[in-house]
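*Asks:* Take a look at the following structure, please.
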Amino acid sequence: MVPVVMLIAGCVFGISASTSRGSDLRSDESQLRELVLARESAVNRYAAERNQLDKSVADLQQGIAGYDVSVAAAQKQAQALEQSAGLTALTGSGVEVSLNDAPLGPNGELPPGARPDDVVIHQSDVQGVVNAMWAAGVDAVTIMGKRLINTSAVLCVGNTLLLDGKTYSPPFVIAGIGDQNAIEQHLKDEPGLDLFFEAVDAFGLGYKVVRKSQISAPAYEGALGVSVATPIG
């Protein structure tokens, strides 16, 4: 179930990246929102089952490695790659970025000249920040405290964020562990954020960049797809 949700999210994410800001996934989304919320509990249940199965597999592998040299060698190779794959927790200095919807007037009125789509954070805005961080060569990226890997899919449904089958409301917090100067420069230079910065100035969208001496990025806990596998020995 989780891989299916991620696949769907990834497909929509790719399509929306090519659309202009203000039109991606911002039409009538009430039915999609209801579907996502209804399925979230099921995703959580399946994720718990998957985690238990992962643990059982790991225990079996560990047991076999005790007497099978080839399995032990393969495990050692895999462990050496875990950090770069995002499967181990990391802590270090970096930059934290917060994105938030624009404030409305006392009676809920929009800023002058704004449309409803202009005052909310879009999927492309979150993606732009993530792209800038990867381009800066960060060691790890998190959204709302959840670790991302290169296959992670993020989807905005209305003004909520769908990540690994769970929904989050703004402000959206994206953090990167790495060179702070490089991250800040890439945020300024990221083409995918040009329209967002215009909306920040024109309509008051929330954008906050803070240097952090310590950011914690947990190990990635989502599903891992295997496309190629060969037997050992």
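*Asks:* Hey, could you check the stretch 151-175 for residues that are without any contact (Cβ under 8 Å) to a residue 40 or more places away in the chain and of a type outside the set (A, V, I, L, M) and say which is surrounded by the most Cβ atoms within 10 Å (Cβ to Cβ)? Break it down into steps so the answer makes sense when it comes.
*Replies:* Just the residues of the stretch 151-175 that are without any contact (Cβ under 8 Å) to a residue 40 or more places away in the chain, to begin with: 161, 163, 168-169.
So of that shortlist, the ones also of a type outside the set (A, V, I, L, M) come out as 168-169.
Details: 168: 15, 169: 11.
Residue satisfying both the conditions and the ranking: 168.
*Asks:* Another question, then. Look at residue 187 and say whether it is assigned to a helix (DSSP H, G or I), over 13 Å from residue 124 (Cα atoms) and within 17 Å of the chain's Cα centre (by Cα).
*Replies:* In short, yes.
*Asks:* Can you find, within the stretch 88-131, the residue that is surrounded by the fewest Cβ atoms within 10 Å (Cβ to Cβ) among those that are under 15 Å from residue 158 (Cα atoms) and of a type in the set (Gly, Ala, Ser)?
*Replies:* Looking at residues that are under 15 Å from residue 158 (Cα atoms) and of a type in the set (Gly, Ala, Ser), I get 102.
*Asks:* When residue 202 is evaluated against the numbered criteria (1) surrounded by fewer than 20 Cβ atoms within 10 Å (Cβ to Cβ); (2) out of contact with any Asp or Glu (no Cβ under 8 Å at 6 or more places or on another chain); (3) on the phi < 0 side of the Ramachandran plot, which criterion, by number, is the only one it fails?
*Replies:* The one condition residue 202 does not meet is (2).
*Asks:* So, one more: Can you find, within the stretch 65-87, the residue that is modelled with the lowest pLDDT among those that are surrounded by 13 or more Cβ atoms within 10 Å (Cβ to Cβ) and over 26 Å from residue 190 (Cα atoms)?
*Replies:* The extreme case among them is 65.
*Asks:* Here's another thing I want to ask about it. All but one of (1) modelled with pLDDT of 95 or more; (2) acidic (Asp, Glu); (3) in contact with a strand residue (DSSP E or B) (Cβ under 8 Å, 6 or more places away or on another chain) hold for residue 189; state the number of the condition that does not hold.
*Replies:* Of the numbered conditions (1) modelled with pLDDT of 95 or more; (2) acidic (Asp, Glu); (3) in contact with a strand residue (DSSP E or B) (Cβ under 8 Å, 6 or more places away or on another chain), the odd one out for residue 189 is (3).
*Asks:* Working only within the stretch 88-109, note down all residues that are modelled with pLDDT under 95 and in contact with a helix residue (DSSP H, G or I) (Cβ under 8 Å, 6 or more places away or on another chain).
*Replies:* Residue satisfying the conditions is 104 alone.
*Asks:* While we're looking at this one, here's another question. Go through the stretch 145-157 residue by residue and tally those that are within 14 Å of residue 167 (Cβ to Cβ), under 8 Å from the mean Cα position of the chain (by Cα) and either modelled with pLDDT of 80 or more or of a type in the set (Lys, Arg) (or both).
*Replies:* Of the residues in that region, 1 qualify.
*Asks:* Hey, among the residues in the stretch 117-156 that are of a type in the set (Asp, Glu) and touching a Phe, Trp or Tyr at 6+ places or on another chain (Cβ under 9 Å), which one's farthest from residue 209 (Cα to Cα)?
*Replies:* Ranking the candidates gives 118 first.
*Asks:* Another question, then. Going residue by residue through the stretch 98-118, is there one that turns out to be under 19 Å from residue 149 (Cβ atoms) and touching a residue at least 12 places away in the same chain (Cβ under 8 Å)?
*Replies:* Checked against the condition, which is being under 19 Å from residue 149 (Cβ atoms) and touching a residue at least 12 places away in the same chain (Cβ under 8 Å), the stretch 98-118 yields no hits at all.
*Asks:* Working only within the stretch 127-144, note down all residues that are in contact (Cβ under 8 Å) with a residue 40 or more places away in the chain and aliphatic (A, V, I, L, M). Spell out how you get there, then give the answer.
*Replies:* Narrowing the stretch 127-144 to residues in contact (Cβ under 8 Å) with a residue 40 or more places away in the chain: 127-133, 135-142.
Correct list: 129, 130, 132, 133, 135, 136, 138, 140, 141.
*Asks:* Is it the case that residue 208 is of a type in the set (D, E, K, R), touching a strand residue (DSSP E or B) at 6+ places or on another chain (Cβ under 9 Å) and farther than 21 Å from residue 134 by Cβ? Can you show your working first?
*Replies:* On the way: of a type in the set (D, E, K, R): yes; touching a strand residue (DSSP E or B) at 6+ places or on another chain (Cβ under 9 Å): yes; farther than 21 Å from residue 134 by Cβ: no.
No; evaluated as a whole, the condition is false for this residue.
The values are calculated or read from the model by the stated rules, or taken from the named source; none is laboratory data. The shown structure was predicted, so the numbers you read here are calculated from the model rather than taken from an experiment. Because the Cβ atoms are built from the backbone with ideal geometry, glycine has one as well, and the counts that use them run over all protein chains shown.
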